[in-house]
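For reference, the structure is listed below as structure tokens.
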Amino acid sequence: MSVPTEQFSHLAFVEHSPDARLLDEMRFHDTTLEERKILVRDIISSFDAYTLPAEFKPDVYERITAEQARRAPTEWTIRDDLHATLMQWGSHDETAWTLLRKISPRDRALGFGQKLRRRFNEQFDRYDEKVAHARRMTAAELRTEIAEICTELQALARAATTEAGRYNITMVVLEALGKVCDRDDELEPARRSGRLSMEGATGGVDVVQTLYRSLIQDVSIDFMLDALDVIGEKWPRTLTTRDAKDQLSRITAILHEKAAPHDYQTRLQALLAG
């Protein structure tokens with residue numbers, strides 16, 4: 001069954017992507033199962049305003065295999081789960097594949113970037129809210145909240161790394177890294193215990209690491225650098241735009257001023273040099 005290429009004119013992984021497949025190569029029988037399952041998950045998850053592709057039905061995604069493709073098509077239908085059914089049929093069946101490609105949102109790539117930016121900003125807003133009310137919390141409570149925020153941001157950074165080769169998310173990644181660097185103001189003294197601290201008292205003060213120190217300064221992880229490495233390889237020109245260069249220069253200046261880890265600064269400087 002041939003598929004008209006006109007309907008695919010807006011459906012390439014990313015416009016001008018270095019790895020973008022030719023439209024006539026996107027027919028069902030000219031793609032691998034791995035390629036189809038990735039794209040099918042991307043299309044279906046694009047209708048969800050919050051969930052990123054890597055988070056979307058991971059159990060169903062893992063079950064989409066060559067062995068499953070050999071089963072009776074009736075087994076691809078999952079009662080009470082339309083999304084899972086579409087993922088499996090779209091990966092294994094030519095008609096379902098063609099339908100999903102046809103209904104894919106025209107702005108799917110843009111939508112992913114907006115979704116990722118919202119998810120990052122959600123965590124920055126959460127951090128700002130906790131910091132603004134830090135004196136109402138014990139140090140342990142505040143530390144726990146910040147640790148949870150860091151975990152979420154690290155997960156989003158991993159998602160960005162996974163998708164950076166297929167979506168142009170350069171500014172989303174740089175903006176998020178810049179916002180982490182900006183969040184290093186000394187936190188309001190939190191109470192060490194459950195007792196309210198008296199005005200002027202310092203005995204109960206306990207130090208809580210800022211977002212910047214938790215993700216960059218005092219840890220061994222290279223937060224967001226893997227995503228930037230992928231961007232540098234796949235989308236090098238996006239790092240040479242005025243906005244990107246301004247953001248990178250601002251970030252490197254902050255890191256230099258804060259005496260960030262040498263290896264972290266070196267990797268980031270390599271992006272500027274490239």
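The values are calculated or read from the model by the stated rules, or taken from the named source; none is laboratory data. Since this is a predicted model, take the numbers as computed values, not measurements. When we count neighbours, we look across all protein chains shown, and the Cβ atoms used for this are built from the backbone with ideal geometry, even at glycine.
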(Q) Filter segment 90-119 down to the residues that are surrounded by fewer than 19 Cβ atoms within 10 Å (Cβ to Cβ) and among the hydrophobic types (A, V, I, L, M, F, W, C) and list them by number. (A) Leu99, Ile103, Leu110
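Select, from Leu116, Leu86, the only residue that is of a type in the set (A, V, I, L, M, F, W, C), assigned by TED's automatic domain parsing to the domain that holds Gly232 and in a helix (DSSP H, G or I).
Numbers: Leu86 fails: assigned by TED's automatic domain parsing to the domain that holds Gly232.
Just a single option satisfies the conditions, and that option is Leu116.
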Q: Would you mind stating whether Arg106 is part of a loop (DSSP other than H, G, I, E, B), in contact (Cβ under 8 Å) with a residue 24 or more places away in the chain and under 20 Å from Pro58 (Cβ atoms)?
A: no
Q. Going by the conditions given, is Arg71 assigned by TED's automatic domain parsing to the domain that holds Arg36, out of contact with any Cys (no Cβ under 7 Å at 6 or more places or on another chain) and free of Cβ contacts under 8 Å to residues at least 40 places away in the same chain?
A. yes
(Q) Looking at segment 251-269, can you tell me whether even one residue there is in the same structural domain as Glu129 (by TED's automatic domain parsing), in contact with a Leu (Cβ under 7 Å, 6 or more places away or on another chain), charged (D, E, K, R) and modelled with pLDDT under 95? (A) yes
(Q) What pairs come out if I take residues in segment 249-274 that are touching a residue at least 24 places away in the same chain (Cβ under 8 Å) and hydroxyl-bearing (Ser, Thr, Tyr) and pair them with residues that are surrounded by 15 or more Cβ atoms within 10 Å (Cβ to Cβ) and part of a helix (DSSP H, G or I) whose C-beta lies under 8 Å away, six or more apart or interchain? (A) Tyr264/Ile216; Tyr264/Leu225; Tyr264/Leu255
**Q.** Long-range neighbours under 6 Å by Cβ, at least six apart or interchain, first residue modelled with pLDDT of 90 or more within segment 212-236, second among the aromatic types (Phe, Trp, Tyr)
**A.** Leu215/Phe223; Ile216/Phe223
Q) Just for segment 130-151: of the residues that are touching a Lys or Arg at 6+ places or on another chain (Cβ under 8 Å) and not hydrophobic (A, V, I, L, M, F, W, C), which one is modelled with the highest pLDDT? A) Glu145
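Residue-by-condition table, conditions (1) surrounded by 15 or more Cβ atoms within 10 Å (Cβ to Cβ); (2) under 30 Å from Thr138 (Cα atoms):
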{"position": "Val207", "(1), (2)": "no, yes"}
{"position": "Tyr212", "(1), (2)": "yes, yes"}
{"position": "Leu215", "(1), (2)": "yes, yes"}
{"position": "Asp218", "(1), (2)": "no, yes"}
{"position": "Asp222", "(1), (2)": "yes, yes"}
{"position": "Gly232", "(1), (2)": "yes, no"}
{"position": "Ile254", "(1), (2)": "yes, yes"}
{"position": "Ala260", "(1), (2)": "yes, yes"}
Q. Among all residue pairs at least 6 apart or on different chains, which show Cβ distances below 7 Å where the first residue, located in segment 42-53, is under 12 Å from Ala109 (Cα atoms) and the second is of a type in the set (Asp, Glu)?
A. Pro53/Asp42; Pro53/Glu163
Q: Evaluate the following for Ser17: is it surrounded by fewer than 13 Cβ atoms within 10 Å (Cβ to Cβ) and either at pLDDT below 95 or touching a strand residue (DSSP E or B) at 6+ places or on another chain (Cβ under 7 Å) (or both)?
A: no
